[in-house]
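The values are calculated or read from the model by the stated rules, or taken from the named source; none is laboratory data. Note that the coordinates shown come from a computational prediction; the quantities given were computed from them, not determined experimentally. Virtual Cβ from ideal backbone geometry, glycine too; neighbours counted across all protein chains shown.
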Amino acid sequence: ASFDLLILNGLVVTASDIGHYDIAIKDEKIALLAPKGSLAETQAKKVIDAEGGYVMPGGVDAHVHLEEPPLFGKGRSSDTYETGTRSAICGGTTTVITFAPQSKNDPSLLSVLESTHQKAQNNCYTDYSFHILLSNPSPSVLNEFPTLRQKGISSLKIYMTYEALQLRDNEILDVLLTARQNSITTMIHAENGDILSWMTNKLEEKGLFEPKYHATSRPQLVETEATNRAITLSELIDTPMLIVHVSSPSAAEHIRNAQTRGLPLYAETCPQYLFLTRSHLSLPSFHGAKHICSPPPRTSADHPQIWLSLRNHTFTILSSDHCPFHYFDTENGKSSVRTPEYPLGRFKYIPNGIPGIETRLPLVLSAMEKDSKKLSLTKFVEVTSTNPAKLYGLYPRKGALLPGISDADLVIWYPPNTLEEWPIRNEDLHHNVDYTPYEGMMVCQWPRWTVLRGKVVWEREGEGLVGEKGWGRFVERGESTLGGRRGVGEWDVEAF
Ligand code: DUC
Ligand code: ZN
Ligand code: ZN
Ligand code: ZN
């Protein structure tokens with residue numbers, strides 16, 4: 001046979017085009033795209049008839065937490081590299097970028113990177129890379145940036161909140177300057193940690209401990225102020241920055257203004273800011289804890305603004321921020337904060353984060369199918385696959401279908417409007433989390449097949465998960481191919 005796999009009769013959607021093409025795959029790469037019908041007689045070891053369903057580049061989820069120690073409250077991630085990446089392929093995601101977390105007393109990023117490699121190696125169902133999660137930018141740590149680049153790491157995340165992670169503005173400037181010098185992309189968690197700690201203490205003094213007060217302690221302006229400050233710091237250093245998990249229309253407005261001024265400012269949003277609201281945090285007994293993440297979900301009146309900011313390019317990428325904690329785990333999960341003295345827990349200790357790696361693509365595509373004004377198909381591919389690949393130096397190996405160049409990573413959906421809608425159930429998901437915050441929400445699309453480097457790894461109507469742990473490989477990343485430094489700063493940064 002001349003090809004390994006043919007995908008026939010699909011409606012192929014990329015970030016730029018939609019068309020009826022057949023796809024041939026050989027040696028783990030896209031070999032060619034041809035007009036529908038022209039490959040039907042071609043020899044191949046395996047053929048998939050997409051029957052008019054969408055065929056897209058595999059999802060790239062650039063914001064995933066796996067096997068992390070307690071950083072965002074009390075708990076540890078419940079998903080391992082094995083269970084988290086397993087869940088990803090069942091939801092159409094073929095590449096993940098997780099975090100290699102530095103704690104304040106880790107003296108070397110290279111050893112953090114090494115130990116994260118050991119967790120992931122031979123355990124992944126998806127291809128993968130890591131962002132450095134930087135919590136202590138000591139001079140010796142900053143000196144490691146060139147070596148990180150040699151090892152295929154070209155991005156890092158820093159925090160403006162969390163005791164275990166928060167950097168002061170001068171430390172952020174140190175990181176940005178060194179990142180600029182090494183062409184590393186900086187991601188930033190923009191919430192004002194001092195304001196929200198102060199608010200949290202005030203709430204606790206009044207005896208207001210329940211999960212819903214998590215949202216009270218972090219109003220939109222906590223995010224908006226920090227976003228504006230982060231933009232200012234990146235403008236000063238004249239270096240690109242991505243604001244992660246943007247939830248607030250007012251923060252999005254600051255980002256849009258910065259972009260309009262030509263700054264290399266990028267932003268990410270997540271399904272929780274399109275589908276969840278802060279009223280989920282008020283669910284009876286302790287159930288609100290299932291929806292605690294940071295920033296918190298906002299109101300349903302904010303959702304249309306978040307969709308709009310995806311459509312108008314304010315948001316560059318849409319990631320899951322999959323940050324899994326069990327609900328009923330009394331040691332490492334959400335319930336770890338419940339004591340006889342505090343039966344409803346104390347929100348400040350509830351681990352911040354929700355699972356969503358498997359539901360990211362189906363939730364959004366289903367919402368689009370019900371209301372096509374929400375997002376175009378090409379935009380969907382752009383923000384869930386192509387742009388994350390470009391932003392983090394994976395393109396065009398990932399996020400594209402370029403013959404001879406792109407890996408044969410595909411997600412094949414059902415033909416539009418053919419499935420009866422059904423509710424999301426945690427028991428149908430493949431993560432290691434005992435709940436999903438999207439339980440009962442209706443979807444009408446799901447990946448029918450997922451293909452990673454030419455191999456079918458998920459077939460919804462056959463055996464389900466057919467990928468193998470360890471088929472996923474580490475992918476070395478280069479420099480971001482979205483806009484880089486501008487070199488037009490107000491002061492001469494080269495002098496530093
Ligand atoms: N930030 C994240 O990116 N993930 C989980 C918690 C947080 O605050
Ligand atoms: Zn964050
Ligand atoms: Zn996160
Ligand atoms: Zn539908």
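Give the residue, chosen from Pro146, Pro137, that is more than 22 Å from the chain's Cα centre (by Cα) and not in a helix (DSSP H, G or I). Before the answer, list the steps.
On the way: Pro146 fails: not in a helix (DSSP H, G or I).
Residue meeting the stated conditions: Pro137.
Taking the conditions exactly as written (touching a Ser or Thr at 6+ places or on another chain (Cβ under 6 Å), assigned to a loop (DSSP other than H, G, I, E, B), within 16 Å of ligand 3 (Cβ to nearest atom) and closer than 21 Å to Pro297 by Cα), does Pro324 satisfy them or not?
Spelling it out, Pro324 is indeed touching a Ser or Thr at 6+ places or on another chain (Cβ under 6 Å), assigned to a loop (DSSP other than H, G, I, E, B), within 16 Å of ligand 3 (Cβ to nearest atom) and closer than 21 Å to Pro297 by Cα.
Does segment 200-242 hold any residues that are touching a Ser or Thr at 6+ places or on another chain (Cβ under 9 Å), of a type in the set (D, E, K, R) and free of Cβ contacts under 8 Å to residues at least 12 places away in the same chain, and which are they?
Once the filter is applied, which keeps residues that are touching a Ser or Thr at 6+ places or on another chain (Cβ under 9 Å), of a type in the set (D, E, K, R) and free of Cβ contacts under 8 Å to residues at least 12 places away in the same chain, segment 200-242 yields only Lys202.
Output the number of the condition that Pro70 fails; it satisfies all remaining conditions of (1) modelled with pLDDT under 95; (2) more than 30 Å from Pro139 (Cβ to Cβ); (3) in contact with a Lys or Arg (Cβ under 9 Å, 6 or more places away or on another chain).
It is condition (2) that Pro70 fails.
Name, by its number, the condition in (1) touching a strand residue (DSSP E or B) at 6+ places or on another chain (Cβ under 8 Å); (2) under 23 Å from Ser319 (Cα atoms) that does not hold for Asn192.
For Asn192, the failing item is (1).
Hey, among Ala215, Ala164, which residue is closer than 30 Å to Phe286 by Cβ, among the aliphatic types (A, V, I, L, M) and at pLDDT 95 or above? If you could, list the steps in order and put the result at the bottom.
On the way: Ala164 fails: at pLDDT 95 or above.
The match here is Ala215.
Among the numbered criteria (1) within 16 Å of ligand 4 (Cβ to nearest atom); (2) farther than 30 Å from Thr260 by Cβ, which one does Val364 miss?
For Val364, the exception is condition (2).
Give the residue that is farthest from ligand 2 (Cβ to nearest atom), with candidates limited to residues of segment 353-385 that are surrounded by 24 or more Cβ atoms within 10 Å (Cβ to Cβ) and either among the polar types (S, T, N, Q) or over 19 Å from Asp61 (Cβ atoms) (or both).
Ser385
So which of Tyr349, Tyr414 is surrounded by fewer than 24 Cβ atoms within 10 Å (Cβ to Cβ), more than 16 Å from ligand 1 (Cβ to nearest atom) and not small (Gly, Ala, Ser)? Outline the logic, then answer.
Numbers: Tyr349 fails: more than 16 Å from ligand 1 (Cβ to nearest atom).
After ruling out the rest, the residue left standing is Tyr414.
Quick check on this structure: which one of Ser250, Ser279 is surrounded by fewer than 23 Cβ atoms within 10 Å (Cβ to Cβ), under 27 Å from Leu344 (Cα atoms) and of a type in the set (S, T, N, Q)? Spell out the reasoning first.
On the way: Ser250 fails: under 27 Å from Leu344 (Cα atoms).
Residue meeting the stated conditions: Ser279.
Among Lys119, Lys104, which is the only one that is basic (Lys, Arg) and in contact (Cβ under 8 Å) with a residue 60 or more places away in the chain? Walk me through how you get there before you give the answer.
Working: Lys119 fails: in contact (Cβ under 8 Å) with a residue 60 or more places away in the chain.
Matching residue, one of Lys119, Lys104: Lys104.
If I filter segment 63-72 down to residues being touching a helix residue (DSSP H, G or I) at 6+ places or on another chain (Cβ under 9 Å), within 19 Å of Thr436 (Cβ to Cβ) and not in a strand (DSSP E or B), which single residue comes out as farthest from ligand 1 (Cβ to nearest atom)?
My answer is Leu66.
Take the conditions out of contact with any helix residue (DSSP H, G or I) (no Cβ under 9 Å at 6 or more places or on another chain) and either at pLDDT 95 or above or among the polar types (S, T, N, Q) (or both) and apply them to Glu420. Does it pass? Break it down stepwise before answering.
Numbers: out of contact with any helix residue (DSSP H, G or I) (no Cβ under 9 Å at 6 or more places or on another chain): yes; either at pLDDT 95 or above or among the polar types (S, T, N, Q) (or both): yes.
In short, yes.
Looking only at residues in segment 156-207 that are among the β-branched types (Val, Ile, Thr) and farther than 17 Å from Leu242 by Cα, which one is surrounded by the most Cβ atoms within 10 Å (Cβ to Cβ)?
Taking segment 156-207 first, the residues among the β-branched types (Val, Ile, Thr) are 158, 161, 172, 175, 178, 184-186, 188, 195, 200.
Narrowing further to those that are farther than 17 Å from Leu242 by Cα: 195, 200.
Values: Ile195: 17, Thr200: 19.
Filtering first and then ranking leaves Thr200.
Looking at (1) farther than 25 Å from Ile354 by Cβ; (2) among the hydrophobic types (A, V, I, L, M, F, W, C); (3) surrounded by 20 or more Cβ atoms within 10 Å (Cβ to Cβ), which is the one condition that is false for Ala120?
Going through (1) farther than 25 Å from Ile354 by Cβ; (2) among the hydrophobic types (A, V, I, L, M, F, W, C); (3) surrounded by 20 or more Cβ atoms within 10 Å (Cβ to Cβ) one by one, Ala120 breaks only (1).
Please determine, by comparing only the residues of segment 327-364 that are among the hydrophobic types (A, V, I, L, M, F, W, C) and away from ligand 3 (no atom under 16 Å from the Cβ), which one is nearest to Arg86 (Cα to Cα).
Within segment 327-364, the subset among the hydrophobic types (A, V, I, L, M, F, W, C) is 328, 337, 344, 347, 350, 354, 357, 361, 363-364.
If we keep only those that are away from ligand 3 (no atom under 16 Å from the Cβ) too, we end up with 328, 337, 344, 347, 361, 363-364.
Details: Phe328: 22, Val337: 29, Leu344: 33, Phe347: 30, Leu361: 15, Leu363: 18, Val364: 20 Å.
For segment 327-364, the residue satisfying everything is Leu361.
Which condition does Ala88 not pass, out of (1) assigned to a loop (DSSP other than H, G, I, E, B); (2) touching a Ser or Thr at 6+ places or on another chain (Cβ under 8 Å), if it passes all the others?
Every listed condition holds for Ala88 apart from (1).
Restricting to segment 24-67, give me the number of residues that are within 16 Å of ligand 3 (Cβ to nearest atom) and either of a type in the set (Lys, Arg) or surrounded by 23 or more Cβ atoms within 10 Å (Cβ to Cβ) (or both). Quick ask: steps written out before the conclusion?
Narrowing segment 24-67 to residues within 16 Å of ligand 3 (Cβ to nearest atom): 60-67.
In the following step, the residues that additionally are either of a type in the set (Lys, Arg) or surrounded by 23 or more Cβ atoms within 10 Å (Cβ to Cβ) (or both) were identified as 60-66.
The total comes to 7.
Looking at Gly92 and the list (1) crowded, with 23+ Cβ neighbours inside 10 Å; (2) within 16 Å of ligand 1 (Cβ to nearest atom); (3) closer than 24 Å to Leu429 by Cβ; (4) small (Gly, Ala, Ser), which single condition is not satisfied?
Only one criterion in (1) crowded, with 23+ Cβ neighbours inside 10 Å; (2) within 16 Å of ligand 1 (Cβ to nearest atom); (3) closer than 24 Å to Leu429 by Cβ; (4) small (Gly, Ala, Ser) is unmet by Gly92, namely (2).
With the requirement that a residue be more than 24 Å from Ile317 (Cα to Cα) and among the β-branched types (Val, Ile, Thr), what does segment 169-189 give you?
Residue satisfying the conditions is Thr178 alone.
One line per residue, one yes/no per condition, for (1) on the phi > 0 side of the Ramachandran plot; (2) away from ligand 1 (no atom under 16 Å from the Cβ); (3) not in a loop (DSSP other than H, G, I, E, B):
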| position | (1), (2), (3) |
| --- | --- |
| Leu281 | no, no, yes |
| Gly288 | no, yes, yes |
| Thr314 | no, yes, no |
| Phe328 | no, yes, no |
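Across segment 249-279, what is the total count of residues that are of a type outside the set (Val, Ile, Thr), touching a Pro at 6+ places or on another chain (Cβ under 7 Å) and assigned to a loop (DSSP other than H, G, I, E, B)?
Final tally of qualifying residues: 2.
Return the total of residues in segment 178-210 being under 25 Å from the mean Cα position of the chain (by Cα) and either within 15 Å of ligand 2 (Cβ to nearest atom) or part of a helix (DSSP H, G or I) (or both). Give the derivation first.
The first filter runs over segment 178-210 and keeps only residues under 25 Å from the mean Cα position of the chain (by Cα), leaving 178-180, 182-193, 196.
Among the residues that remain, those that are also either within 15 Å of ligand 2 (Cβ to nearest atom) or part of a helix (DSSP H, G or I) (or both) are: 178-180, 186-193, 196.
Selection size over segment 178-210: 12.
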